[in-house]
Amino acid sequence: AGGAAAALVGRSAGGATSELSGPVIVTSWEFGPGANEVGWPILADEGLAIDAVEAAINYVELLPDEFYVGFGGSPNAIGETTLDAMMVWGPTHEVGAVGCLKRVKRAVSVARKVMEETQHTLLVGDDATRFAARMGFDETSLTNAASQKAWEEWAAKGRPSDAWDPEPMGEGGKIEGRDTVGTMAVDAHGNVCVGCSTNGRSFKLPGRVGDSPIAGAGAYCDNDVGAAIATGNGDVMMRFLPTYHAVELMREGASPAEAAEAALRRIDAKGYHFDGGIIVLGKDGEHGGAKRGWKDEAFGYAVHRGAGTSQVTVRG
Ligand code: ASP
């Protein structure tokens, strides 16, 4: 995703507040408006945030042409598409996640099953697939014409995965492929939920698990405070738990935009130059974001609440 982001209209530095409190749903990137449209009716009907988040993310996971989330998208270095996803449910502070999930499309729903049906937090690889099958999910190839073509073109160049390159500490350190759907919601009952799903960075080494299924890295929420989601170079960002950091800063009084910026500044301070962004939602509905890199990408998010919808471009 990213190409159609011209539709995003913005406010500088990603800070925005309006008509706070009441249900709200926020989703990253340019598939945000479509995802929110699926999740919002559940919130408007006084449904649970967890159902709204799952429905919004399923919508993106099942989009036939979305390359960076769900099936048929950015493959790993041996041509297989594998998925990372997570849900965090504020009222109980439970987490369910899957990493390197194979051959199952609705990864966030499998993550929810891990949360609701087991005492575990994270299942990975073929064993996560076996768990999904036991939970009644269909097993099917995640390869399609687009992912096959992308892998063939990449493999024909004969270059190793960029994951073998040195750390992206210097200017210009870039990874191939980026995008994660992250959705945060507050429902009419005051429950906070966050979820995310991705097929991860392109041409990753087989077995790689990124930031998305790690609580506090790819996503985090606290029912008293709010939520945060991350996207971008997960191999760097997961070392700093930026979504946990941002939520904790909000707890201490930072605004969402301040918290997002401060969480990324912690990564800068260790000398990393990376492409990545974070979006933060206060329980009161205030939202904000921050990003690094992505000079050619319009990184943003969509907000849907009772008063209507808005789209925000996060500027670096
Ligand atoms: N954070 C994801 C990963 O590293 C990719 C992305 O959001 O761009 O797997």
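Could you list log10 I(q)/I(0) for the chain at q = 0.06, 0.07, 0.16 Å⁻¹, which the Debye formula gives when each Cα is one point scatterer?
-0.17, -0.23, -1.29
Over the chain, with a Gaussian network built from C-alpha contacts below 10 Å, which listed residue (VAL186, VAL88, VAL104) shows the highest mean-square fluctuation?
VAL104
Please list 3J(HN,Hα) in residue order for the stretch 235-245, calculated via the Karplus relation 6.51 cos²θ - 1.76 cosθ + 1.60 where θ = phi - 60°; whole Hz, with x for glycine and proline.
5, 8, 5, 5, 6, 10, 6, x, 6, 4, 4
Summing +1 for each Lys or Arg and -1 for each Asp or Glu, what net charge is found among the other residues whose Cβ lies under 11 Å from the Cβ of GLY90?
Details: positive: LYS283; negative: GLU94, ASP187, ASP222, ASP224.
Computed value for this residue: -3.
Using a 1.4 Å probe on the protein heavy atoms, what percent of the accessible area of the chain belongs to carbon and sulfur? Walk me through the numbers before you get to the answer.
Values: 6130 of 12290 Å².
Looking at the chain in its full context, I get 50 percent from C and S.
How big is the dipole moment of the stretch 210-308 about its Cα centre under a simple scheme where the beta carbon of each Lys and Arg is +1, that of each Asp and Glu is -1, and everything else is neutral? Debye, nearest 20, please.
Values: 10 positive and 14 negative charges, 26 e Å.
The calculated dipole for the stretch 210-308 is roughly 120 debye.
Report the one residue of SER141, ALA163, ASN36 whose Cα lies farthest in the direction of the positive end of the charge dipole of the chain (charges on C-beta: Lys and Arg +1, Asp and Glu -1; origin at the Cα centre).
ALA163
Identify, among GLY289, ALA269, ALA307, the residue whose Cα sits farthest towards the positive end of the charge dipole of the stretch 266-307, taking +1 on the Cβ of Lys and Arg and -1 on the Cβ of Asp and Glu, with the dipole about the Cα centre.
Positive-most Cα among the choices belongs to ALA269.
Measure up LYS204/LYS270; LYS105/LYS270; LYS157/LYS270; LYS113/LYS291 against 29 Å on the Cα-Cα distance and list the ones that go over.
Values: LYS204/LYS270 24 Å; LYS105/LYS270 37 Å; LYS157/LYS270 33 Å; LYS113/LYS291 32 Å.
Pairs exceeding 29 Å: LYS105/LYS270; LYS157/LYS270; LYS113/LYS291.
Leaving out ligands and nucleic acids, note down the accessible area per residue over the chain with a 1.4 angstrom probe, in whole Å².
Values: 12290 Å² over 316 residues.
Here the residues of the chain average 39 Å² of exposed surface.
Where is the GNM fluctuation largest for the chain (alpha-carbon springs, 10 angstrom cutoff): GLY277, GLY125, GLY70?
Between GLY277, GLY125, GLY70, it is GLY125 that shows the largest mean-square fluctuation.
Mind putting a number on the dipole of the chain about its Cα centre? Charges go on the C-beta only, +1 for Lys and Arg and -1 for Asp and Glu, and I need it in Debye to the nearest 20.
On the way: 28 positive and 42 negative charges, 130 e Å.
The dipole of the chain has a size of about 620 debye.
Suppose each label sits 7 Å from its Cα in the direction of the beta carbon; what would the LYS149-ALA307 distance come out to in nanometres?
So the label points at LYS149 and ALA307 sit 4.4 nm apart.
Which of ALA290, ALA107, ALA163 ends up with the largest GNM mean-square fluctuation for the chain, with Cα atoms connected below 10 Å?
Evaluated over the chain, the most mobile residue of the options is ALA163.
Once amide H atoms are placed 1.01 Å from N in the peptide plane, what residues at a sequence separation of 5 or more from LEU122, or on another chain, have their amide H within under 5 Å of its amide H?
ALA97
The values are calculated or read from the model by the stated rules, or taken from the named source; none is laboratory data. What you are looking at is a predicted structure, and each value in this text was computed from that prediction instead of being measured. Note: ideal-geometry Cβ built from the backbone for every residue, glycine included; neighbour counts use all protein chains shown. To get the accessible areas, we keep the full protein, side chains included, count just its heavy atoms, and leave off ligands, DNA and RNA. Shrake-Rupley method; radii C 1.70, N 1.55, O 1.52, S 1.80 Å.
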